[in-house]
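Throughout, read-outs are computed from the coordinates displayed, never taken from laboratory work. These numbers come from a predicted model, not from an experiment. Every residue, glycine among them, receives a Cβ derived from its backbone with ideal geometry; neighbour counts consider all protein chains shown.
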Amino acid sequence: MTGKIQKTDAEWKAVLAEKGAERGAFEVTRHAATERPFTGKFESVWDDGSYHCVCCGNELFDASTKFDAGCGWPSFSLAVPGAITDIVDRSHGMTRTETVCSQCGAHLGHVFPDGPTDTGLRYCMNSASLDFKTK
Ligand SMILES: [Zn+2]
């Protein structure tokens, strides 16, 4: 478990229910599940604003860094500095970089070094781990 905010499973479930989080948000954020592509509510949202951790509200991405990677998950080229912690993930026979919320340890998705923009990064996020705030 990483992060400064620690809660039990029951407490996180209550937080997510109260926020009206997507179905599956608990499994994604607390047990590193992956939602099915093209099912998340933020996959095709292009409004101005910011994306936050659905668990603790930590600001993760500015909407201006979101791009369409065509993979069915919300994708970003740049994270808010310090908002996300990278962890090497060797599950499923692959070496990938898992991303978790620096504040509460919520699983967000993975980051890949094949992004199409200047940063070269592609943050492939689960929509269910995100909350959106308009500017
Ligand atoms: Zn968080």
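Give me a count of the residues in the range 55-70 that are within 12 Å of the ligand (Cβ to nearest atom) and closer than 15 Å to residue 81 by Cβ.
So the count comes out to 3.
Could you figure out which of (1) within 13 Å of the chain's Cα centre (by Cα); (2) touching a residue at least 12 places away in the same chain (Cβ under 8 Å); (3) within 16 Å of the ligand (Cβ to nearest atom) isn't true of residue 87?
It fails just one condition, (1).
Just checking, which of 78, 60 is assigned to a strand (DSSP E or B) and either surrounded by fewer than 18 Cβ atoms within 10 Å (Cβ to Cβ) or touching a residue at least 12 places away in the same chain (Cβ under 8 Å) (or both)?
60
Only residues that are within 15 Å of the ligand (Cβ to nearest atom) and closer than 23 Å to residue 96 by Cα: list them for the range 32-54, please. Quick ask: steps written out before the conclusion?
Applying the first criterion (within 15 Å of the ligand (Cβ to nearest atom)) to the range 32-54 yields 32, 50-54.
Once the filter is applied, which keeps residues that are within 15 Å of the ligand (Cβ to nearest atom) and closer than 23 Å to residue 96 by Cα, the range 32-54 yields 32, 51, 52, 53, 54.
Considering only residues that are under 21 Å from residue 115 (Cα atoms), of a type outside the set (Asp, Glu) and within 12 Å of the chain's Cα centre (by Cα), which ones fall in the range 14-49?
Hits for the range 14-49 are 34, 40, 42.
Among (1) farther than 15 Å from residue 106 by Cβ; (2) assigned to a strand (DSSP E or B); (3) out of contact with any helix residue (DSSP H, G or I) (no Cβ under 9 Å at 6 or more places or on another chain), which single condition is residue 10 missing?
Unmet for residue 10, out of (1) farther than 15 Å from residue 106 by Cβ; (2) assigned to a strand (DSSP E or B); (3) out of contact with any helix residue (DSSP H, G or I) (no Cβ under 9 Å at 6 or more places or on another chain): (2).
Mind listing whichever residues of the range 1-26 are charged (D, E, K, R) and either farther than 20 Å from residue 75 by Cα or more than 16 Å from the ligand (Cβ to nearest atom) (or both)?
4, 7, 9, 11, 13, 18, 19, 23
A quick yes/no check of all residues on (1) over 11 Å from the mean Cα position of the chain (by Cα); (2) of a type in the set (A, V, I, L, M, F, W, C); (3) within 19 Å of residue 38 (Cβ to Cβ); (4) assigned to a strand (DSSP E or B):
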{"residue": "82", "(1), (2), (3), (4)": "yes, no, no, no"}
{"residue": "100", "(1), (2), (3), (4)": "no, yes, no, yes"}
{"residue": "103", "(1), (2), (3), (4)": "yes, no, no, no"}
{"residue": "120", "(1), (2), (3), (4)": "yes, no, no, no"}
{"residue": "123", "(1), (2), (3), (4)": "no, no, yes, yes"}
{"residue": "128", "(1), (2), (3), (4)": "no, yes, yes, no"}
